[in-house]
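First up is the structure itself, then whatever we jot down about it.
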Amino acid sequence: MEYLELTLAKHPFFQGLPEKYIKHIAGMAIILKFDSDHILFKAGDDADKFYLVIKGKVSIETNAPPKGSITIQTVEDGEILGWSWIVAPYKYRFGAKTLVKSEIIVIDGFELRAECKKDHWLGYELMTRMVVAVAARLEQTRLLALDVYGQKRR
């Protein structure tokens, strides 16, 4: 197995996925290195990529006027971001930027979505795994909202 396939197979999101799927997904992917403060995507951009962090740290941010950009979650080694590639209207709901030099697997979300439509088992498997990540993001957002709005007014 080549490096990209091995790295995909070892990533927690894809662990246990049959080898034929790992090989196929590897054909849609590339490993990229980013410097710190690199913007991966902004809220509202087309969600055409799915990201798996190999090494590094990425902040997931939202705009909160008048405070500006606030971090709602930090994603590190072995985690994912950019789940909007699988959910219509296929627009990123948050922004993301690297906080340190990072090595990330970038998967073509359009191709992966098309493959999920053709192979319903793969689509169900990835959606099931994705729900775990979305639930964690929702919980982080809820905790942030409690922190921001939870103080008593005087």
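Residue by residue through region 1-43, note down the ones that are part of a strand (DSSP E or B), surrounded by fewer than 16 Cβ atoms within 10 Å (Cβ to Cβ) and of a type outside the set (A, V, I, L, M). Spell out how you get there, then give the answer.
Within region 1-43, the first condition is being part of a strand (DSSP E or B), and the residues that meet it are 29-34, 39-41.
This time we only want the ones that are surrounded by fewer than 16 Cβ atoms within 10 Å (Cβ to Cβ), so: 30-33, 39.
Across region 1-43, the qualifying residue is only LYS33.
Of all residues in region 89-126, those that are within 13 Å of the chain's Cα centre (by Cα) and not aromatic (Phe, Trp, Tyr) total 13.
Looking only at residues in region 108-125 that are charged (D, E, K, R) and not in a loop (DSSP other than H, G, I, E, B), which one is farthest from PHE41 (Cα to Cα)?
Of region 108-125, the ones charged (D, E, K, R) are 108, 111, 113, 115, 117-119, 125.
Next, only the ones that are not in a loop (DSSP other than H, G, I, E, B) stay: 108, 111, 113, 115, 117-118, 125.
Working: ASP108: 14, GLU111: 18, ARG113: 18, GLU115: 23, LYS117: 25, LYS118: 27, GLU125: 25 Å.
That would be LYS118.
Against the definition (at pLDDT 95 or above, touching a helix residue (DSSP H, G or I) at 6+ places or on another chain (Cβ under 7 Å) and either over 18 Å from HIS11 (Cβ atoms) or surrounded by fewer than 18 Cβ atoms within 10 Å (Cβ to Cβ) (or both)), how does TYR124 come out, yes or no? Here the answer is no, as TYR124 does not meet what is asked. Tell me whether region 88-107 contains one or more residues that are closer than 26 Å to HIS38 by Cβ, assigned to a helix (DSSP H, G or I) and free of Cβ contacts under 8 Å to residues at least 40 places away in the same chain. No; the residues of region 88-107 include none that is closer than 26 Å to HIS38 by Cβ, assigned to a helix (DSSP H, G or I) and free of Cβ contacts under 8 Å to residues at least 40 places away in the same chain. Picking from residues in region 44-73 that are more than 11 Å from the chain's Cα centre (by Cα) and of a type in the set (Val, Ile, Thr), the one that is surrounded by the fewest Cβ atoms within 10 Å (Cβ to Cβ) is ILE70. Note on region 44-76: residues that are in a loop (DSSP other than H, G, I, E, B) and on the phi > 0 side of the Ramachandran plot amount to 2. Applying the condition of being touching a residue at least 40 places away in the same chain (Cβ under 8 Å) and under 10 Å from the mean Cα position of the chain (by Cα) to region 74-87 and asking which residue is nearest to MET130 (Cα to Cα) yields TRP83. The number of residues in region 5-43 that are of a type outside the set (Phe, Trp, Tyr), on the phi < 0 side of the Ramachandran plot and touching a residue at least 40 places away in the same chain (Cβ under 8 Å) comes to 20.
Only residues that are of a type in the set (D, E, K, R) and in contact with a helix residue (DSSP H, G or I) (Cβ under 9 Å, 6 or more places away or on another chain) were counted across region 16-44, and they come to 2.
The values are calculated or read from the model by the stated rules, or taken from the named source; none is laboratory data. Every value quoted in this text rests on a predicted model; they were computed, and no experiment measured them. Counting neighbours? That spans all protein chains shown, and the Cβs are built from the backbone with ideal geometry, glycine included.
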